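The values are calculated or read from the model by the stated rules, or taken from the named source; none is laboratory data. The shown structure was predicted, so the numbers you read here are calculated from the model rather than taken from an experiment. Cβ: placed from backbone, ideal geometry, glycine included. Neighbour counts: every protein chain shown. For the accessible areas, the whole protein counts, side chains as well, though only heavy atoms, and no ligand, DNA or RNA atoms are used. Shrake-Rupley method; radii C 1.70, N 1.55, O 1.52, S 1.80 Å.
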Amino acid sequence: ENETEEGLKQAFVSETDVVKLKALTAALAQGSDTDRKKAVCLEAVLNSRRPEVLYDDYHAVFLTADNQPRKNIATKGADFALAEAERLTETDNKIAAARLLAATRAVLFLADDLIRGYNEYKKIHSKMDYEDLIVQTRELLENPGVADWVLYKLDGGIDNILIDEAQDTSPDQWAIVKALTADFFAGE
């Protein structure tokens, strides 16, 4: 919960084996033009005061655009390159989770604010919505002092109850149905 994208990148960088990274950089510097470009990127990471800023560039050295480990990064240091690709994948998953958490928090904050404002509006203007009616009906039918009188007044007025899909997952609506049908089976 306390992990942030930047913190995860910093942790990743701090756990990098610098000795093996220097060896891989030296090996890539002796290779093809593409290898030398990768070596320049790794050298920049090694020399940076804030290497987490270069995380995406570092990422591109070891993983493809669709986050698959690059094949044949270098003959020397291949084990290190594969291990780095795995570490990057793990860190990417943690970063994705941190982003999802931040986005979820933002949505929940907005939803909470909207719901609070909506309920305040209903209170100020003496309004009720469908859910309010359901909750108050349930409370009415479950209140021992009032429920008997309400059900007495309804007695003989209800022969059957039609239940559609809307009630399938609503405990409040099922409680209303249960209270209304309890008398149907009183003599059995």
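Kindly rank 45-51, 85-91 from highest to lowest mean number of other beta carbons found within 10 Å of each residue.
Ranked by mean Cβ neighbours within 10 Å, highest first: 85-91, 45-51.
Note down the accessible area of Lys178, probe 1.4 Å, to the nearest 10 Å².
Ignoring ligands and nucleic acids, Lys178 comes out at about 150 Å².
So what is the relative contact order for the chain, in percent, with contacts set as C-alpha pairs under 8 Å and at least six apart?
It comes to 18 percent, rounded to a whole number.
What FRET efficiency comes out for Thr169 versus Glu139 if R0 is 25 angstrom and r is the Cβ-Cβ distance? Round to the nearest 0.05.
E(calc), rounded to 0.05, equals 0.80.
Can you work out the accessible area per residue across the range 10-57, with the rest of the protein chains kept in place, probe 1.4 Å, in square angstrom?
With the other protein chains kept in place, the range 10-57 gives 63 Å² per residue.
What accessible area, in Å² to the nearest ten, does a 1.4 Å probe give for Val177?
Result for Val177: roughly 20 Å² accessible.
Taking the alpha-carbon centroid of each part, what is the distance from the range 140-165 to the range 1-32 in angstrom?
69
So how strong a dipole does the range 32-188 carry about its Cα centre when Lys and Arg Cβ are +1 and Asp and Glu Cβ are -1, to the nearest 20 debye?
With Lys and Arg at +1 and Asp and Glu at -1, about 1260 debye.
Using modelled amide H (1.01 Å from N, peptide plane; none on Pro or chain starts), what sits under 5 Å from the amide H of Leu63, excluding residues fewer than 5 places away?
Arg70
In what sequence, largest accessible area first, do Tyr152, Tyr121 appear using a 1.4 Å probe?
Tyr152, Tyr121
Could you put Thr181, Thr25 in order of accessible surface area, largest first, with the 1.4 Å probe and the full protein assembly present?
Output order, biggest surface exposure first: Thr181, Thr25.
Here are a few candidate values for P(r) over Cα pairs in 10 Å bins from 0, in percent: (1) 10, 37, 34, 16, 4, 0; (2) 8, 22, 16, 9, 9, 11, 12, 8, 4, 0; (3) 10, 31, 32, 19, 8, 1. Which one was actually calculated from the structure I just gave you?
(2)
If one takes the longest principal axis of the Cα atoms in the chain, at what angle in degrees, from 0 to 90 and to the nearest 10, does the Cα axis of helix 171-181 lie?
Relative to the chain, helix 171-181 is tipped by roughly 20 degrees.
Considering only protein heavy atoms and a probe of 1.4 Å, how much of the accessible area of the chain is carbon and sulfur, as a whole percent?
With neighbouring chains kept in place, the figure for the chain is 55 percent.
Note the angle between two axes, namely the Cα long axis of helix 130-142 and the longest principal axis of the Cα atoms of the chain, as a number of degrees from 0 to 90, rounded to the nearest 10.
With both axes taken from Cα atoms, the answer is about 50 degrees.
May I ask you to give the solvent-accessible area per residue for the range 95-173, in square angstrom, as obtained with a 1.4 angstrom probe?
Computed with neighbouring chains in place, this is 82 Å² per residue.
What accessible surface, in Å², does a 1.4 Å probe find on Glu120, ignoring ligands, DNA and RNA and rounding to the nearest 10?
100
Angle check, please: helix 18-29 long axis (alpha carbons) against the longest principal axis of the chain (alpha carbons), in degrees 0 to 90, nearest 10.
60
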